1. Does the range 249-303 hold any residues that are free of Cβ contacts under 8 Å to residues at least 12 places away in the same chain and touching a helix residue (DSSP H, G or I) at 6+ places or on another chain (Cβ under 7 Å), and which are they?
2. Do you know which residues across the range 203-226 are free of Cβ contacts under 8 Å to residues at least 40 places away in the same chain and within 22 Å of residue 328 (Cα to Cα)?
3. Scan 224, 253 and give me the residue that is at pLDDT below 95 and either exposed (fewer than 14 other Cβ atoms within 10 Å of the Cβ) or under 26 Å from residue 143 (Cβ atoms) (or both).
4. Being part of a loop (DSSP other than H, G, I, E, B), exposed (fewer than 14 other Cβ atoms within 10 Å of the Cβ) and modelled with pLDDT under 85 is the filter here; which residues of the range 1-42 pass it?
5. Residues that are in contact with a strand residue (DSSP E or B) (Cβ under 7 Å, 6 or more places away or on another chain), at least 3 per element: which helices (runs of 4 or more DSSP H) completely within the range 200-281 meet that?
6. Out of the range 372-398, which residues are in contact with a helix residue (DSSP H, G or I) (Cβ under 9 Å, 6 or more places away or on another chain) and more than 25 Å from residue 286 (Cβ to Cβ)?
């Protein structure tokens, strides 16, 4: 007799039906998608059931390389190893993943969700023994959806088991974690961030419901009703949040500790400027005006970290184009040095292409764009982003988009 390796306690006390895969049809707006759905408990054989559903649909990437094939997930969990197998299957077959409003994807399902990927460069499926393809991830979360991670654990009903049986089950759980660590970078998850997904206890989940978690995991939060371009300007807190969040999230790292680093960095800069008596201690956070074509505008700047060698500060430059907010990062020892190559040039391009520029990127230019969720503290719940931004507008001075 063997013990099952699960990832979610509720799956033990209230078993759900084994997963079913279905083809939901093709949706043409706003982009063309062939839609599939997984519903139920993840169990052995789900990869074969997925392939059967795709075969029945008659949909292939070769028919239309621009059409996405999307699998929506609604599952309480199940077999951790099968969840890993599904993640690999989604990536090999070029399938995007989504958790839709009102659905939940927990434990083994959440691991499978991480396999969501953009359409393949080669329309032919990658064989099981071939290297995983390297196309960018494509996984999204709709408002009202629940995505929760859990480490694998052992299902131990009220029966007696000998030591060998328990040891086998334990090895299976450890193997599941080892497999996830081994493929994490190919799922575009930085291995150093995996402890968050594996740390919850038997009775807890790590729920991806705040700004930091979705950005670190490369998840597109599908809520765009709050548009900064419709606002009169931006506030100081939004700029600081955007600078720090983007610096870490563009490397798919958590920005939680980055704010303490930024605070200490600014304090170090101010203290050093006071000792040097150069007057820059009063402008550790400031704006610099310039022209962009015929438009007179500005960039905000502040130091947020130190370079790896500790010799310079890493400065964030925040460009306030309301339709295309951007952050740039440059190594410099002072404000004067920061803008030295910019003097007399009068355009942002000169500044943004400087040789000392630091350019973190996920490789996906759409994902790299600044959104409303980047302008709030990282622990902000996704449902609270709009209210936090509105509070900033109500309590802080608004910096107009254009210089006056």
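1. Listed by number, the list holds a single entry, 274.
2. 216
3. Among 224, 253, only 224 is at pLDDT below 95 and either exposed (fewer than 14 other Cβ atoms within 10 Å of the Cβ) or under 26 Å from residue 143 (Cβ atoms) (or both).
4. Correct list: 1, 2, 14, 15, 17, 29, 30.
5. Fully inside the range 200-281 and qualifying: 236-249, 258-276.
6. Correct list: 373, 379, 380, 381, 382, 385, 386.
A quick yes/no check of all residues on (1) surrounded by fewer than 16 Cβ atoms within 10 Å (Cβ to Cβ); (2) outside the structural domain of residue 84 (by TED's automatic domain parsing); (3) modelled with pLDDT of 70 or more:
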site	(1), (2), (3)
127	yes, no, yes
146	no, no, yes
172	no, no, no
181	yes, no, yes
187	no, no, yes
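Matching residues to (1) over 12 Å from the mean Cα position of the chain (by Cα); (2) surrounded by fewer than 20 Cβ atoms within 10 Å (Cβ to Cβ); (3) within 28 Å of residue 101 (Cβ to Cβ); (4) modelled with pLDDT of 90 or more:
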position	(1), (2), (3), (4)
191	yes, yes, no, yes
200	yes, yes, yes, no
203	yes, yes, yes, no
212	no, no, yes, yes
216	no, no, yes, yes
247	yes, no, no, yes
270	yes, yes, no, yes
273	yes, yes, no, yes
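The values are calculated or read from the model by the stated rules, or taken from the named source; none is laboratory data. All figures in this text were calculated on a predicted structure; none of them were measured in a lab. Using ideal geometry, Cβ is built from the backbone for each residue, glycine included, and neighbour counts are taken over all protein chains shown.
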